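The structure appears right after this line, and notes come after that.
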Amino acid sequence: MKIKKILFQAALILLCLAGTTPAMAFDLNKAISGATKAVKAVTLTDEQMAEYVKEYVDWMDKNNKVCAANDPYTVRLKKLTKGLGDADGIPLNFKVYHVKDVNAFACADGSVRVFSSLMDIMTDEELLGVIGHEVGHVAHRDSKEGFRTALLTSALKDGISSKGGKTAVLTDSQLGDLGEALVNASYSQKQECAADDYGYEFLKKAGKNPWAMALSFQKLKKMQEGAGGAKKSSALNQLFSTHPDLDKRIERMEKRATKEGIKKPANTKK
């Protein structure tokens, strides 16, 4: 049967991994068990995936300082995202993390989290560009597939299973590993371009100036240059993939807005 073949292949993968760590004892039964759990991660239903996404978002919200409703950061983001209700039918919800990292992310369930340090250095238009792009990945289900891949990686490492139709609760360690895998995930050039295009139309339809896309890329490019171009080690790359490069992305968005006769906004802070 096909499932037996998959289990055997997964067990072989684990066996190979064990072979790279000779100091550790290898338990074949445990490896097969881990392979079974990995297959279950591959075959997760949409409902089970939704449970895992919710668990991850809840964990992130719990382990980061979320700005209160009356906090200036939240007030600014709420005003900025007014009218951004959903991404291709997926309801969006926004929160600000009061943290030092310069970042923002969107999950498959429509949860968008913007970090206060990013808000400190970006104008409203630049922030909208970041949000538009991230929402594009949500709308095109890239975020969902990225989450599934990260979940599978975690399953192979620690073991994740589903029992009685309900997914197993992840440990803090697994959730941390999952977060790291998501941060390090990359999208294809085609996916990045599609997310850019979606973000442009998404903002435009919501009555926002789509020049925001080009402006956000311009700011990111300046930030990268200011960081000495250390692309692989820079936290800035948690925002955007390096493929295609920022120059091309800026050019694409600028040409589109110019061709449509859209006036470039004054790039003011708030």
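Here are some notes:
- For V135, the stated conditions hold: it is at pLDDT 85 or above and within 22 Å of D61 (Cα to Cα).
- Elements of type strands (runs of 3 or more DSSP E) contained in the range 42-134, each with 2 or more residues being within 30 Å of G226 (Cβ to Cβ) and aromatic (F, W, Y): 93-97
- Only one of the numbered conditions (1) over 19 Å from V135 (Cα atoms); (2) modelled with pLDDT under 90 is not met by K264, and that is (2).
- Residue match in the range 86-106 (condition: surrounded by 18 or more Cβ atoms within 10 Å (Cβ to Cβ), under 29 Å from T171 (Cα atoms), in contact with a His (Cβ under 6 Å, 6 or more places away or on another chain) and without any contact (Cβ under 8 Å) to a residue 60 or more places away in the chain): no
- Qualifying residue in the range 41-59 (condition: surrounded by fewer than 21 Cβ atoms within 10 Å (Cβ to Cβ) and of a type in the set (F, W, Y)): yes
- Among the residues here, T149 qualifies as over 30 Å from K264 (Cβ atoms), hydroxyl-bearing (S, T, Y) and in the same structural domain as L175 (by TED's automatic domain parsing).
The values are calculated or read from the model by the stated rules, or taken from the named source; none is laboratory data. What you see is a predicted model; the values in this text were computed from it and never measured. Reconstructed Cβ throughout: ideal geometry from the backbone, glycine too, with neighbour counts over all protein chains shown.
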